[in-house]
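Working notes, structure below.
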Amino acid sequence: MYYTFNGKIRYSETDSEGRLTLAALLNYFQDCCTFQSEMLGLGVKYMKEHSLVWVLSSWQIVVERYPKLCEDVQIGTLPYDFKSFMGGRNFFMKDKEGEYVAKANSLWSLLNTQTMKPVAAPEDMVERYGLEPKLEMDYASRKIAVPEGGLQGETIIVKKHHLDTNHHVNNGQYVIMALDCLPEGAVVKQGVRQLRAEYKMQAFLGDKLYPYIVETEHGMIVSVKKENHM
């Protein structure tokens with residue numbers, strides 16, 4: 001089923017140009033699916049009671065433009081696929097005229113928190129979420145080919161503010177880390193127009209992360225590697 005909520009772009013969500021940041025856009029999307037899950041009784045409490053956790057596998061966010069300070073926006077989400085332990089979910093943001101300013105696709109894996117192994121989504125979960133047709137967008141592969149080498153960035157040590165209720169680094173924090181690694185001038189004046197992210201493992205408090213930056217003909221790739229998994 002569709003879920004939407006309305007918002008207004010806050011000063012704390014804007015960049016030096018007075019536009020919504022990419023990190024804030026991603027936070028809107030995360031909040032939207034969290035609101036839907038809580039409304040359906042499938043939120044944090046349900047997941048803890050059933051020893052379950054959704055782990056993000058990939059993001060693809062396509063931005064038409066970044067809304068400005070005090071713009072009214074509508075944020076929405078819809079699940080479109082459940083296959084065993086995998087789930088697919090779209091997101092969007094619209095302006096007050098109903099035009100899309102951003103669309104996104106995300107793929108998730110459901111894990112048992114006691115075994116940390118994939119498990120099929122319970123029938124009641126699938127029924128409560130329901131499925132909707134996928135949004136029209138140019139879908140990219142979940143897998144991202146990362147070239148060898150690259151310029152090593154400054155080592156990142158995972159702090160408390162990086163963590164979410166699952167006690168691991170929130171997926172949005174990795175995006176902030178990657179954006180901070182980009183060289184000055186790498187982001188054009190209009191802002192990042194497409195983000196793709198692939199998540200391979202979790203990071204926890206105190207872990208050391210090593211970013212590597214590679215410039216390709218299609219854009220910048222930032223690979224954030226965990227200590228002992230270089």
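Worth a mention:
- Filter result for LEU131 (open to solvent by less than 80 Å² (accessible area, probe 1.4 Å), out of contact with any helix residue (DSSP H, G or I) (no Cβ under 6 Å at 6 or more places or on another chain) and within 26 Å of MET1 (Cβ to Cβ)): no
- Flag for LYS143 being touching an Asp or Glu at 6+ places or on another chain (Cβ under 7 Å) and either more than 30 Å from LYS48 (Cβ to Cβ) or open to solvent by 70 Å² or more (accessible area, probe 1.4 Å) (or both): yes
- Test: HIS218 is over 14 Å from the mean Cα position of the chain (by Cα), open to solvent by 50 Å² or more (accessible area, probe 1.4 Å) and on the phi > 0 side of the Ramachandran plot: no
- From MET116, MET125, residue being more than 30 Å from GLU215 (Cβ to Cβ), loosely packed, with under 11 Cβ neighbours inside 10 Å and of a type in the set (A, V, I, L, M, F, W, C): MET116
- Within the stretch 28-63, the only residue that satisfies the criterion of being assigned to a loop (DSSP other than H, G, I, E, B) and free of Cβ contacts under 8 Å to residues at least 60 places away in the same chain is GLY43.
- Tally of residues being part of a loop (DSSP other than H, G, I, E, B), open to solvent by 60 Å² or more (accessible area, probe 1.4 Å) and at pLDDT 90 or above across the stretch 156-204: 1
- Matching residues in the stretch 64-81 - criterion: being closer than 22 Å to LYS134 by Cβ and either at pLDDT below 95 or open to solvent by less than 30 Å² (accessible area, probe 1.4 Å) (or both): VAL73, ILE75, GLY76, THR77, LEU78, PRO79
- Restricting the stretch 1-17 to residues that are part of a loop (DSSP other than H, G, I, E, B) and modelled with pLDDT of 95 or more leaves a set whose member that is nearest to ALA104 (Cα to Cα) is ILE9.
The values are calculated or read from the model by the stated rules, or taken from the named source; none is laboratory data. Note that the structure is a prediction, hence the values are computed from the model and not measured. No Cβ is skipped: glycine too gets one built from the backbone with ideal geometry, and neighbour counts run over all protein chains shown. Only protein heavy atoms, including side chains, enter the accessible area calculation; ligands, DNA and RNA are left aside. Shrake-Rupley method; radii C 1.70, N 1.55, O 1.52, S 1.80 Å.
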